[in-house]
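Structure, as structure tokens:
The values are calculated or read from the model by the stated rules, or taken from the named source; none is laboratory data. Keep in mind that this is a model prediction, so the values were computed, not measured. Reconstructed Cβ throughout: ideal geometry from the backbone, glycine too, with neighbour counts over all protein chains shown. To get the accessible areas, we keep the full protein, side chains included, count just its heavy atoms, and leave off ligands, DNA and RNA. Shrake-Rupley method; radii C 1.70, N 1.55, O 1.52, S 1.80 Å.
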Amino acid sequence: MSGGDFRRSMPEAHADLRRKAGLMQSLHIDLPLLVLLMALSAFGLIVLYSAAGSELHYVKRQAVFFVLGFIGMFIVAQIPLSMMQRWAPWVYAGGLILLVLVLLVGTGAKGAQRWLGVGGFRFQPSEILKLAVPVLLAGYLSRRLLPPTFKHIAWALVLIGVPTVLILKQPDLGTSLLIAQSGVIVLFFAGLGWRYILGALILAASALYPMWHYVMHDYQKQRVLTLLNPEADKLGAGWNIIQSKTAIGSGGLEGKGWLSGTQSHLNFLPESHTDFIIAVLAEEFGLLGVILLMALYVFIIARGFMIAIKAQDSFGRLLAGALTFTLFVYVFVNMGMVSGLLPIVGVPLPLVSHGGTSLLTLMAGFGVLMAISTERRRVTL
Amino acid sequence: MSDHLQIKDHHREARIFARRVGVAGVLVVGLLAVVFLRYYRLQIVEHEDYVTRSDRNRVQVQAIPPTRGLIYDRRGRLLADNRPSYTLSIVREQTQDLEQTLEQVQTLVDVDAEDLATFRERLKQRRRPYEAIPLRYRLSEDEIARLAVNEYQLDGVEVSAELVRHYPLGALFAHSIGYVGRINERELAAFDEEAYARYSGTHTIGKLGLEKYYESDLLGQVGSQHVEINARGRILRVLDYQPPEAGKNLTLFLDAQLQQVAHEALADKRGSVVAIEVATGGVVAMVSTPAFDPNLFVTGISFADYKALNESRDLPLFNRTLQGQYPPGSTLKPMLGLAGLFYKVVDANYSVRDPGFYQLENDERFYRDWKKGGHGARVALHTAIEQSCDVYFYDLSFRMGIDRMHEFGGHFGLGQTTGIDVPHERSGNWPSKAWKRKARGLPWFPGDSLNVGLGQGAVLATPLQLAVMTSTLADKGVRRKPRLVRRLGDVEYEPEILDTQAIDAADWLIIDQAMQSVVHGLRGTAQGIRRGGLSYRIAGKTGTAQVVGMAQDEEYDASKVEERLRDHALFVAFAPAEAPKLAVAVIVENGEHGSSAAAPIARKVFDAYLLDTPTAADSAWLGNGGQP
């Protein structure tokens, strides 16, 4: 397969790479990615300590999840890609069943049913789909001729559409859009024709009106309206965004100093240790801290794309590309919504926001990236 | 199906993918640049703005209201106090569901429709986040207890203590001290920047009486503290503290005992009593009845209560002492007699014949004497005052002329505000030729002077003006500014002389003796008040003022006239007659006869002031803070 092409084109370079990466490759660890992830996690824990009101409780909890996450990442990294490809439909199907269960017997918060309780442990089945959808799509498309034909595109859209609609029903517009995105981006990397992309954009634009009137819930509309004019309801819907912008803006270039952010420590900033943690970082570490954080993300994304380009086959390429781009979408949406660029949807800042489930999913995703990065050349054909 | 038959072109797929990653990379870099620019704008370009916002969030300047000055009577009895009162407020941001909370609160405490309406109004106004909005004032002990028990299910409901003005003697001082009330929107709109700051911690303002006149002194200076607060409005630490300065205390000339005596003497009549200390101008009694309980107004009077007060025919809100303008009637006679002597129009021996009426040349009108048949053939000044002979004063007025009457009366304060330290005083009317030209567009007729001489027609005076006139008479022409406040903070009041009319001692004695005869003479009009013995001498003059004009030949018959159209009864007096200490003016609306309705009230006031014999019941009443 493609490995053969690479060997043929650059034999010396390949041999060199093999020697250096020997140990790490046999452990299925991508060293640059691991270093970046650890740096980001450490930075995240420092910010979290401040955001959680100098309480070690949250930091300890998050550290435990990090340990679990890194272990999970190593385990996932050991799974051969072929096995992932084979299991993907089953995981996907299982996830769909759980999503249906959520709608039937799930527990909720703030008017939405998102959680499934299993013996005292609660989790969101939508997390499973966050990984299952791109894996399934990458598997499906990589076995077809690329760029995909209309028929395959249609099937792919069905595969994406079913979980999207189920999650939308919970209702969780944010997550459903993110999952749809993680599937669609696979199509994009697979070479989806530009005319389709253009057509989809036009369709999306024209769907805005019916979406607004028939699909979106009042609270979702409220968020959009709040984005456009947060001052309209200063104490209600606009409070979060006004306070987070105040936190960010008052941080300035150098910030107010660690543990010295008044917006978060005096509780003006809501959700300061979860979705809005970037505001704490921006307040206490200033624009310099924001630059450091963005640099870490840029390096991770760059490394992800590098892994994607170097992947052995289309499956690895598509999957790595999709996972990496999805990470970027999380970062963009979170930083955008907290700073008032985007409406407020419940998207955490990857590896920094407090929250176990999403962290584990993310780390599993990085495990897949590592698996792709360190895949042994298969002697085939 | 067909693609399974085709062979995958791995190079092409890899190329396509690389291109797509390139596109994605551009997208990533582009969008992250947008995010970065957003943060750059917030943190660098608009940084100062947000620092201000953040500080405004964090640091709050809290006003610390000063304690309002207390008010004491001349003997140190507390008349206006500040008492802790418990207020129920709601912090909207802390309630789960405002409507539900309101409903729940209403099951625990009485909240009437008006409280609720005011609350909702306040809710709509501009306010700080987490500001508590008052719903009910003056919670009872029971209500506080019920709220405390149910506190756990009343998120956002607060019970706070604040100092609220209290008037222990209630209605007794309603028309002198007045009251404070909640600052209303009109008053708020009239505040300048400085006033706005001064009242930042204070919810009430003097609305009436001394509370209004001395508002600025009583208020004190507001203190402040910069505090760091959290989003729930809780104070975390005090950054600096500027203590408030309490308002100045007032000590009055008014005497609660005398007020009480005058108030009770007026009983259920409509009328007023003003008593002035001759030597200082200090007002020791100032009562207008009916009165009202000023405590009702402090935290906002209910609509029903206000309506009752406002629409009462007896006008309890009307301060008769300063605003009631009455024809003074015969109470002017001693002053006019003195004027006659001063201008040498008459002397002690000059007499007129009184057939019961008086006529001017070329005027068909009969000017009647109150006494049918007249006072006899030879009526001199002494008798004219003692028996209130109208014909003598028709003659005197005619011969003196309005110009001299106007001038002399002006020295006694008629037709001008007295300058007392209570707002909303009226000036009455003391006619002159100029006044009539201006007001009526008519020249002065000789007959007009006759009406003025009888204190009728266009002549109007407030009870306070009559008291000032009487005090001026008692002090031989020295007119002082009447004054309620004796000591403001630490500063003692210096009596202020407004006017001095040189009076010949002999002239004065004639008037003084004539006025004494009014009370002590055998035929004096007010001799009735000597009943039961009188250990000092009172110099007085009765008066009767017509409420409705009588036709020429009509007889005034009390039994035929509706109660409210009956004559007003007046009495002015000073005592002791030889060395006057106190001057008193009494008006009883529709009381008919100054001698029987008004004079006895004055006697009671003199007794209380001069003999200083508080009854056991009175002492107990006052000692009890006005609680019966």
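Total buried accessible area between B and A, probe 1.4 Å, nearest 100: 4700 Å². Listed by chain and number, the lysines whose alpha-carbon sits under 17 Å from that of residue A:245, ignoring those within fewer than 8 places in the same chain, are A:234, A:256. For the segment B:26-33, counting C-beta atoms of other chains within 10 Å of every residue's C-beta and taking the mean gives 5. Ranking A:115, A:258, A:194 from most to least accessible surface, computed with a 1.4 Å probe over the protein chains only, gives A:194, A:258, A:115. Here the Debye sum runs over all C-alpha atoms of region A:29-373 as equal scatterers in vacuum, and log10 of I(q)/I(0) at q = 0.10 Å⁻¹ comes out as -0.62. What a 1.4 Å probe finds exposed on region A:29-373 is 72% carbon and sulfur by accessible area, rounded to a whole percent. Just to check, using Stokes-Einstein with a Kirkwood Rh over alpha carbon pairs, what's the diffusion coefficient of region B:256-611 at 4 °C and 1.567 mPa s in µm²/s? My calculation gives 63 µm²/s for D. Inter-chain neighbour count for A:185-194: the average number of beta-carbon atoms from partner chains within 10 Å of each residue's beta-carbon is 3. Computed from Cα atoms alone, the Kirkwood hydrodynamic radius reported for the protein assembly as shown is 36.6 Å.
Note on region B:56-193: antiparallel DSSP beta bridges, both residues inside, total approximately 100 percent of the bridges counted. Packing order of peptides A:329-338, B:70-79, highest average first: A:329-338, B:70-79 (average count of other Cβ atoms within 10 Å over each peptide's residues).
Beta bridges assigned by DSSP with both partners in chain B are antiparallel in approximately 95 percent of cases.
To put it simply, the accessible area of region B:313-385 at a 1.4 Å probe is 49 percent carbon and sulfur.
Here chain B is treated as a sphere whose radius is the Kirkwood value from Cα pairs; by Stokes-Einstein at 25 °C and 0.890 mPa s it diffuses with a coefficient of 84 µm²/s.
Of the cross-linked pairs B:248/B:581; B:212/B:476; A:151/A:221; B:344/B:433; B:207/B:269; B:438/B:581, those separated by over 31 Å at the C-alpha level are B:212/B:476; A:151/A:221; B:438/B:581. Over all pairs of different C-alpha atoms, region B:63-252 has a mean inverse distance whose reciprocal, the Kirkwood radius, equals 18.4 Å. Sorted on the mean count of surrounding Cβ atoms within 10 Å across their residues, most packed first, peptides A:347-356, A:138-147 read A:347-356, A:138-147.
The mean count of C-beta atoms from other chains within 10 Å of the C-beta of residues in A:328-337, rounded to a whole number, is 3. Accessible area per residue for region B:63-252, computed on protein heavy atoms with a 1.4 Å probe, is 52 Å². Each residue of region A:192-203 was assigned a 3J(HN,Hα) from its phi angle through the Karplus expression (A = 6.51, B = -1.76, C = 1.60, θ = phi - 60°), giving 3, x, 4, 5, 5, 4, 4, x, 5, 5, 4, 4 Hz with x at Gly and Pro.
Once Rg and the Kirkwood radius are both taken over the C-alpha atoms of region B:310-435, their ratio Rg/Rh works out to 1.05.
Sorting A:299, B:36, B:571 by solvent-accessible area of protein heavy atoms yields A:299, B:36, B:571, largest first, with a 1.4 Å probe. Sorting the segments A:36-44, B:449-457 by their residues' average number of neighbouring beta-carbon atoms within 10 angstrom, most packed first, yields B:449-457, A:36-44. Compared with the dominant Cα axis of chain A, that is its longest principal axis, helix A:277-310 is turned about 10°.
Once the 1.4 Å probe is applied to the protein heavy atoms, region A:235-381 comes out at 27 Å² accessible per residue.
A DSSP coil position with no more than 13 other Cβ atoms inside 10 Å describes the following trypsin sites (Lys or Arg not before Pro) in region B:308-378: B:313, B:344, B:365, B:372.
Taking all protein chains into account, the per residue accessible area for region B:256-611 stands at 40 Å² (1.4 Å probe). Helical content alone sets the calculated 222 nm signal of the protein assembly as shown at -15500 deg cm²/dmol, taking -39,500 (n - 2.57) per DSSP H segment of four or more residues and averaging over every residue. In chain B, which helices (entire DSSP H runs) extend 27 Å or more along their own long axis, judged by Cα positions, while averaging at least 0.5 on the Kyte-Doolittle scale? Qualifying helices, which must be both long enough and hydrophobic enough, are B:10-40.
Within the protein assembly as shown, antiparallel bridges make up roughly 95 percent of the DSSP beta bridges whose residues both belong there.
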